[in-house]
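Enquirer: Pasting a structure here, questions to come.
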Amino acid sequence: MLRENQRRFKFDWITIILFILLVGFGYLNILSASHDGDISNYFDTSQLYGKQLIFIGLTFVLIIIILSFEAKFYERFASIIYLGALLALLGLFIFGKEINGARSWYGIGSMTLQPSEFAKFATALAVGKYISDLQTNMQTLKDQLRVVAIIFVPALFILLQNDAGSTIVYLAFFFVLYREGLQQIYLVMGLSLIVLAILGLKFGVLITALLATSILITSFFLRKKKKRESIFQYILVLLVAVGFSYGVKLFYEHGLKAHQQNRISLWLRLEKDPVKLERMKKAEAYNLIQSEQAISSGGLVGKGFLQGTRTTGKFVPEQETDYIFSTVGEEWGFLGSSIVVLLFVFLIIRILYLAEAQKSQFSRVYGYGVASILFVHFTINIGMVMGLIPTVGIPLPFFSYGGSGLWGFTILLFIFVKLDSNKINEW
């Protein structure tokens, strides 16, 4: 075991306390969502809450191990950890176990292990290592493409395993790149493409093209004459916008599976046939409808711990995992849900604050990676459960049932806790 050469270090207890509160509150909701009415043994491993309690116990062992390593270990071996994560993802194509259509798990006896949960911290380390290298200049296209490749490769492996939800998380790293000097134009382009995709699906390519044309014409005439670009540049932008919108439409109709189309269709209210719409709701929106009803039934203060009728009745499928927030809404109400949201917000803000205080660029980049990953998971999961975005299979950090997710997020967070504790030894 590697040990610190310098004994001076200071752990950020605010971060640690927020972590403990989230894990503890998460366990209470897993207990509510998975119990069958008779809780005589909290360590009953035939029940999900018993397994989760063991996962939590092992989590604290894992934390001790993470904090025992020298802080520089994580920077020094970042590339090796990243390559190990890629090999683990590749191995799934041969040895992986398929669950719900995704080949994302290794079967270990009666347990499973999901490498994609660990690939996130490995990618964050690799991104931090590359950006902090003295030879790297984030203003050059060559280095921008290389760091994008570091992010893209594990995301591609995960996508090929039919786990689109985990793939989306890798978009979080573009917040990190923006902080480290990526030009603003990339962020504007990314947001514009998202808007074009939504408009093209909702209103059609023709209306999207007319809207884009009006915006470009307005922009052309509002700019000062000496700063105007050539009219041909505006025409090129318009052609790209229309082509992209049409391409998204084709991909939606011919590239996505039926259930994926239905989820987007329900979100954007694309289906006009009431018979088909009702059939889609029963098939694809059942989880969402039950989740929304569970949350709304909680009212202001909730029905009380272990008192949620929809939770106890197992009305919401996947309530222990992706839809765990519906249990929070039903049993703890608006106030309890608000507390959970605030805990996540405080944790993310605290990580960003600590990241900016780092003396090492590697530590700062990694810290931003941690905050961005947690933000994307938290935002998408709660947005999905409340019907604000399409249904995506993505867990709520520290809340959703499962050892892989809990351990992956714990490693992600506590590597940064260790890096931050060592900043007093940085020069």
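Enquirer: Might you check whether a residue that is at pLDDT 90 or above and touching a Leu at 6+ places or on another chain (Cβ under 7 Å) occurs anywhere in the range 105-113?
Expert: Within the range 105-113 (the criterion being at pLDDT 90 or above and touching a Leu at 6+ places or on another chain (Cβ under 7 Å)), the answer is yes, since at least one residue qualifies.
Enquirer: Somewhere in the range 389-407, is a residue in contact with a Lys or Arg (Cβ under 9 Å, 6 or more places away or on another chain), open to solvent by less than 20 Å² (accessible area, probe 1.4 Å) and either modelled with pLDDT of 95 or more or acidic (D, E) (or both)?
Expert: No.
Enquirer: Of all residues in the range 100-135, which are under 22 Å from L156 (Cβ atoms) and small (G, A, S)?
Expert: G101, A102, S104, S116, A119, A122, A124, A126, G128
Enquirer: Check I217 against each of (1) farther than 25 Å from S265 by Cβ; (2) free of Cβ contacts under 8 Å to residues at least 40 places away in the same chain; (3) surrounded by 14 or more Cβ atoms within 10 Å (Cβ to Cβ); (4) more than 18 Å from the chain's Cα centre (by Cα) and name the one condition it does not meet.
Expert: (3)
Enquirer: Within the range 245-263, identify whether any single residue is in contact with an Asp or Glu (Cβ under 7 Å, 6 or more places away or on another chain) and either hydrophobic (A, V, I, L, M, F, W, C) or within 17 Å of K202 (Cα to Cα) (or both), and answer yes or no.
Expert: Scanning the range 245-263, I find at least one residue that is in contact with an Asp or Glu (Cβ under 7 Å, 6 or more places away or on another chain) and either hydrophobic (A, V, I, L, M, F, W, C) or within 17 Å of K202 (Cα to Cα) (or both), so the answer is yes.
Enquirer: Take the residues of the range 63-72 that are open to solvent by less than 40 Å² (accessible area, probe 1.4 Å) and aliphatic (A, V, I, L, M): which is farthest from D420 (Cα to Cα)? Let's see the steps before the verdict.
Expert: Restricting attention to the range 63-72, the residues satisfying the condition of being open to solvent by less than 40 Å² (accessible area, probe 1.4 Å) are 63, 66-67, 70-71.
Narrowing the set further to residues that are aliphatic (A, V, I, L, M) leaves 63, 66-67, 71.
Values: I63: 15, I66: 13, L67: 11, A71: 9 Å.
So the residue we want is I63.
Enquirer: For I80, indicate whether it is modelled with pLDDT of 95 or more, open to solvent by 10 Å² or more (accessible area, probe 1.4 Å) and over 25 Å from G403 (Cα atoms). Talk me through it step by step, then tell me what you get.
Expert: Details: modelled with pLDDT of 95 or more: yes; open to solvent by 10 Å² or more (accessible area, probe 1.4 Å): yes; over 25 Å from G403 (Cα atoms): no.
When the stated conditions are applied, I80 does not pass them.
Enquirer: I'd like the residue in the range 290-331 that is of a type in the set (A, V, I, L, M, F, W, C) and open to solvent by 70 Å² or more (accessible area, probe 1.4 Å) and, out of all such residues, is farthest from N29 (Cα to Cα).
Expert: Ranking the candidates gives L300 first.
Enquirer: For the range 338-354, does any single residue satisfy the condition of being among the small types (G, A, S) and open to solvent by less than 20 Å² (accessible area, probe 1.4 Å)?
Expert: No: the range 338-354 contains no residue that is among the small types (G, A, S) and open to solvent by less than 20 Å² (accessible area, probe 1.4 Å).
Enquirer: Which residues, counting only those in the range 150-190, are more than 17 Å from the chain's Cα centre (by Cα) and charged (D, E, K, R)?
Expert: R179, E180
Enquirer: I'd like the full set of residues that are touching a Gly at 6+ places or on another chain (Cβ under 9 Å) and either among the small types (G, A, S) or part of a loop (DSSP other than H, G, I, E, B) (or both), limited to the range 283-303. Quick ask: steps written out before the conclusion?
Expert: Keep residues of the range 283-303 that are touching a Gly at 6+ places or on another chain (Cβ under 9 Å), which gives 285, 288-289, 291-292, 294-303.
Across the range 283-303, the qualifying residues are A285, S291, A294, S296, S297, G298, G299, L300, V301, G302, K303.
Enquirer: Sticking with this one: Go through the range 131-190 residue by residue and tally those that are surrounded by 14 or more Cβ atoms within 10 Å (Cβ to Cβ) and of a type in the set (S, T, N, Q).
Expert: 7
Enquirer: Enumerate the pairs (first residue in the range 89-111 and open to solvent by 70 Å² or more (accessible area, probe 1.4 Å) and of a type outside the set (G, A, S); second residue anywhere and assigned to a helix (DSSP H, G or I) and modelled with pLDDT of 90 or more) with beta-carbon separation below 6 Å, excluding pairs fewer than 6 apart on the same chain, so at least 6 apart or on different chains.
Expert: R103/L92
Enquirer: Could you list, ordered by first residue, the pairs with Cβ atoms under 9 Å in which the first is in the range 147-164 and under 14 Å from R103 (Cβ atoms) and the second is of a type in the set (F, W, Y), at least 6 apart or interchain?
Expert: Close Cβ pairs satisfying both conditions: F157/F93; I158/Y170; L160/F93; Q161/F93.
The values are calculated or read from the model by the stated rules, or taken from the named source; none is laboratory data. What you see is a predicted model, and the numbers here were worked out from it, not measured in a lab. When we count neighbours, we look across all protein chains shown, and the Cβ atoms used for this are built from the backbone with ideal geometry, even at glycine. All accessible areas refer to the heavy atoms of the entire protein, side chains included, with ligands and DNA or RNA removed. Shrake-Rupley method; radii C 1.70, N 1.55, O 1.52, S 1.80 Å.
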